[in-house]
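Accompanying notes for the structure given below.
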Amino acid sequence: MKTKFRLWWWKIKRQPFISIAIVAINLLVFLFCVIFPWLNEKGYCGIYNVIYEKEYARVIWSMFFHSDAHHVFNNMIIVLFLGSILESQVGHLLYGGVYFVSGIAANIFSLVVKWYHQDGAVSIGASGAVFGLDGLLLAMALLMWNRIELSIGRVIFVVFLSVYSGFSNPGIDNAAHVGGLFMGFLLGIPICLYQRKNHR
């Protein structure tokens, strides 16, 4: 009985709870924005909103707003896909931490770039946080290649394709993508080293 319970508990623990929660919250926010369109501008993250209006919390909550159904669908599909790979490997809390810290870092880096160029554009969406998960995946592919099913070459190709896709399309906040990717990779290094030490 104890063995069956442990097996059941182990299977439950490996479910991507954080990823599912992230998707649910983003879809719920998007639904509210469809019903009340004026809410969407509350997610705008730009130098005017954050710096001049001093609405600093926008670097956090802008991750939960999306411009349209295509935008939210693409981001959340990637969250579910990467969550199924990463969350069970690094743990729920660390996975969630990488997602949110990467998203915040991505928005801050985006604001710095906008400030430097005096760009009044606004950003919205979870892409920076999603690229943070790409960075974590890249760190795992390099440092824990035996723990994931994807090859190093394939992961590098996917990350390169994601970054290239952003730079080849207009209206994309590439600074947020790069910032999120870099932060996710940086956070992934100590996580992977700790996981390797524990695994041994």
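Readers should treat all values here as calculations from the given coordinates under stated rules, not as data from a laboratory. Everything numeric in this text was worked out from a predicted model, so none of it was measured. Backbone-built Cβ (ideal geometry, glycine too); neighbour counts: all protein chains shown.
Relative to the longest principal axis of the Cα atoms of the chain, the long axis of helix 92-117 lies at roughly 30 degrees. Build a GNM of the chain with springs between Cα atoms under 10 Å apart, and of Val59, Val101, Val112 the one that fluctuates most is Val112. Spatial offset of region 43-77 relative to region 93-164 amounts to 16 Å, using the alpha carbon center of each. Counting Lys and Arg as +1 and Asp and Glu as -1 over every other residue whose Cβ lies under 10 Å from the Cβ of Asn107, the net charge comes to 0. Look at Ser162, Ser123 and count the other Cβ atoms within 10 Å of each Cβ; fewest to most, that gives Ser162, Ser123. Residues whose amide H comes within less than 5 Å of that of Ser123, counting only those at least five positions distant or on another chain, are Cys45, Gly46 (H built at 1.01 Å from N in the peptide plane). With bins 5 Å wide beginning at 0, the percent of Cα pairs of region 2-199 falling in each bin runs 1, 8, 15, 19, 19, 15, 10, 6, 3, 1, 1, 0, 0. Given their separation in residues at 0.36 nm each and the Cα-Cα distance between them, Ala21 and Tyr52 gain 7.9 nm when the chain is fully extended. The sum of -39500 (n - 2.57) across all DSSP H runs of n ≥ 4, divided by the residue count of the chain, sets its helix-only mean residue ellipticity at 222 nm to -24000 deg cm²/dmol. When only alpha carbons of region 23-106 are considered, Rg and Dmax amount to 14.0, 41 Å. Listed values for region 124-136 are Karplus-derived 3J(HN,Hα) couplings in whole Hz (6.51 cos²θ - 1.76 cosθ + 1.60, θ = phi - 60°), namely 7, x, 9, 4, x, 5, 5, 5, x, 5, 4, x, 5, and x replaces Gly and Pro. For region 29-82, trypsin sites (Lys or Arg not before Pro) meeting the loop criterion (DSSP other than H, G, I, E, B) and having at most 13 other Cβ atoms within 10 Å: Lys54.
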